[in-house]
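> Next up is a structure, given as structure tokens.
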Amino acid sequence: MTKIIIRPLDITRNYDPADLEVSITREKAEDGSSIVKKFRLTNKNFIPNADLQPNDTIRLTYKGIDQLISLADNPRYTHVIDPAQLANSDHTITLIIHPPENSELNPVSIESDVNVNLKSFGFKEPLEIRLTPTSGGQTKDQALWDTINSHKLNFKHYSNFIDEVLRFEGPGGKGRAYFNSGSPSAGSKKDKLSESQQMKLADSMRLPFNRTEAYSLLKFATERYVEHVYSLARFADEYSSNEDSFDLNDYLGKDKIIPYYDLIKAKIKEYFIRTGAESGYLKGNADANLIELIWNYWHEEGKVSQTMNALARRFQNIKNGYKDPLLNFALDPLRPLNHILWGYIQDQQHRLTATRKNYEYTSEYDLAVLGNVKPGFNPADRRSKFLQSFHRLIHEATEYFVQSDNTTIRPDGFKLLNALRDTHRILAEGAHNQFGDLPTVARIETLIEQWILSRPEVREFLGGRIMVPYEEPWMDRVDSMKALQGWDNTSISFYRDLAVNGEKIILGIRYGNWTNVSSRDHATNWADAFRDAIQRYIHSYYTVTGIDLSAPTVNINPEVSALLPGLHIYRRLNREKQRFSRRF
């Protein structure tokens, strides 16, 4: 590599590198023609691809005016590369600029030396110069964001596990081992129980009803699955270390506790003293589960639970309205789903009610499924500022993305950091009472409902549009039920996107150590990690409610954007019905 230093003769005369243009001419011996390459300098350093060759001619212009250049005392407008110059060890050539006396130059900035690192100019294509977006420095919490984004939170993984469990064919069946490990691909040998222990375990967890064995296995296998797959500490055990970046164990520390929980643990450290006196169920639990109740909220707004309830009522011969669209539903006892539906209905008294979930939605997010609100609904505590704070955070993230895409500036992450702190504090206020158990139980129940709806027996009765692509096999059944019942006509795909991406976003807010960080790099790294989730959430929220969370603040009434999503859905559905009635 040859390094060319361009230096003004008069150091008081200053040159702007952006107005300097270097021209290199190379003669071709074969036909006498020449190749001319011109490079306009925008930075101090400029690096093409190959070495200079002897007899190449260099010309320098400044603002379109040729400049006299010299190696010593003989200035001229061109300089021919001498082989001896390329032979020196450091491959450095210093060209001194002698501006013409009659030139009227008014440089706008001051630069001393301009270094030009040249390798070659035998390019077959024009030289491409790119500006790369700026990014913050690495932070340990990036490992947590990567874990949340890469976690196996999809239905297909769960469905494969349940199918293997329910194929159990005796004490030595394959399904029992999967049931014990909690995952089709996880679980060490030392964790697996013997066959007799597995049978005793299954018998002890059977429901207290007759002919509910299949559903009992489905329910408790789902519980084991959720405990295994959604545990952050369990995921840290299986995390593969990467020497080039922080991994999850670097973030969690030796106790495998997120820094936010470690901060809270210091307040109640008497429950975590390792004396052996407090153990088992009397020991404090600082494990974090990658579960957010907002996942259940959006699925319930999308009518997943309502679809399952309608099927269960018809299975019991309960009519749904004057003209029941499910009147012809008849599931013969030869099909396996018949017995599972029987157990599902028998277990109704042990499931969370819609009202109880609404109370917890209000406690954590100030949300509620309006169709399930009963007279006398009176929550004692609510997060009245969550929606406004969360939507402001989403908007600040979109502003950051716009600045980040502009490669000529470094985006400001402090507004984003402040919005993250505010939303984290509001979420922390709602993380009490039922927060430790209800989201996990609600996830178990909804996964069971989705698995039942994905069965071919339900597809045969409800049908669906075969050519419409869905991410998960239960989704077309919900859209079919919504069409039959005349419910919301927005596809369940958008509600599912709100559930999945909303959960990722809020997990990053809840479990980040936002109270103790002051660097904007943490906030910008969070936004970069969840950019796809944030933008898909914005799009799906607009499709479902008609509210654009990315619109400028001046065009959004905060009181409107902070209204319950269910109210926006209800109003939009009424407007569509009115337009339809006027049209016909």
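> Can you work out which of the residues in region 516-547 that are in contact with a Phe, Trp or Tyr (Cβ under 8 Å, 6 or more places away or on another chain) and part of a loop (DSSP other than H, G, I, E, B) is nearest to Lys415 (Cα to Cα)?
Going through the qualifying residues, I end up with Phe530.
> Give me the residue from region 397-435 that is more than 25 Å from Tyr260 (Cα to Cα) and of a type in the set (S, T, N, Q) and, out of that set, surrounded by the fewest Cβ atoms within 10 Å (Cβ to Cβ).
Once the filter is applied, the top-ranked residue is Thr408.
> Something else now. Kindly provide the set of residues from region 492-532 that are among the aliphatic types (A, V, I, L, M) and over 11 Å from the mean Cα position of the chain (by Cα), ordered by number. If you could, list the steps in order and put the result at the bottom.
Here is the first cut: in region 492-532, the residues among the aliphatic types (A, V, I, L, M) are 492, 498-500, 505-507, 509, 517, 523, 527, 529.
Of everything in region 492-532, those that are among the aliphatic types (A, V, I, L, M) and over 11 Å from the mean Cα position of the chain (by Cα) turn out to be Ile492, Leu498, Ala499, Ile509, Val517, Ala523.
> Let me confirm something: among Ala236, Ala202, which residue is within 24 Å of the chain's Cα centre (by Cα), modelled with pLDDT under 70 and part of a helix (DSSP H, G or I)? Please lay out each step first, then the result.
Working: Ala202 fails: within 24 Å of the chain's Cα centre (by Cα).
The conditions single out Ala236.
> Can you go through Thr398, Thr440 and tell me which one is touching a strand residue (DSSP E or B) at 6+ places or on another chain (Cβ under 9 Å) and of a type in the set (Val, Ile, Thr)? Can you show your working first?
Numbers: Thr398 fails: touching a strand residue (DSSP E or B) at 6+ places or on another chain (Cβ under 9 Å).
Of Thr398, Thr440, the one residue that is touching a strand residue (DSSP E or B) at 6+ places or on another chain (Cβ under 9 Å) and of a type in the set (Val, Ile, Thr) is Thr440.
> Turning to a different aspect of this structure: Being surrounded by 13 or more Cβ atoms within 10 Å (Cβ to Cβ), small (Gly, Ala, Ser) and at pLDDT 90 or above narrows it down to one residue among Ala533, Ala562; which is it?
After applying the criteria, what remains is Ala533.
> Between a residue in region 205-223 that is outside the structural domain of Leu334 (by TED's automatic domain parsing) and under 17 Å from Glu449 (Cα atoms) and any residue that is assigned to a loop (DSSP other than H, G, I, E, B) and at pLDDT below 85, which pairs come within a Cβ distance under 6 Å, given they are 6 or more apart or on different chains?
Short answer, once both residue conditions are applied: Ser216/Arg206; Ser216/Leu207; Phe220/Met205.
> Can you name the residue in region 525-543 that is touching a residue at least 60 places away in the same chain (Cβ under 8 Å) and touching a Leu at 6+ places or on another chain (Cβ under 7 Å) and is also farthest from His395 (Cα to Cα) among such residues? Spell out the reasoning first.
If we filter region 525-543 for residues that are touching a residue at least 60 places away in the same chain (Cβ under 8 Å), which is where we start, we get 525-531, 533-535, 537-538.
After this cut, where a residue has to be touching a Leu at 6+ places or on another chain (Cβ under 7 Å) as well, the list is 526-527, 537-538.
Working: Trp526: 14, Ala527: 11, Tyr537: 12, Ile538: 9 Å.
Among them, the one singled out is Trp526.
> Quick one: Asp250 ticks every box in (1) under 20 Å from the mean Cα position of the chain (by Cα); (2) at pLDDT below 80 except a single one, so which number is it?
(1)
> Another question, if that's okay. When you look at Ala499, is it outside any loop (DSSP other than H, G, I, E, B) and over 12 Å from Ile394 (Cα atoms), yes or no? Talk me through it step by step, then tell me what you get.
Working: outside any loop (DSSP other than H, G, I, E, B): yes; over 12 Å from Ile394 (Cα atoms): yes.
Yes.
> Which ranges mark the helices (runs of 4 or more DSSP H) fully within region 388-490 that have 3 or more residues being among the β-branched types (Val, Ile, Thr) and touching a helix residue (DSSP H, G or I) at 6+ places or on another chain (Cβ under 7 Å)?
Numbers: elements: 414-429, 438-453, 456-462, 475-485.
Passing ranges, in order: 438-453.
The values are calculated or read from the model by the stated rules, or taken from the named source; none is laboratory data. Here the structure is a predicted model, which means the values were calculated and not measured. No Cβ is skipped: glycine too gets one built from the backbone with ideal geometry, and neighbour counts run over all protein chains shown.
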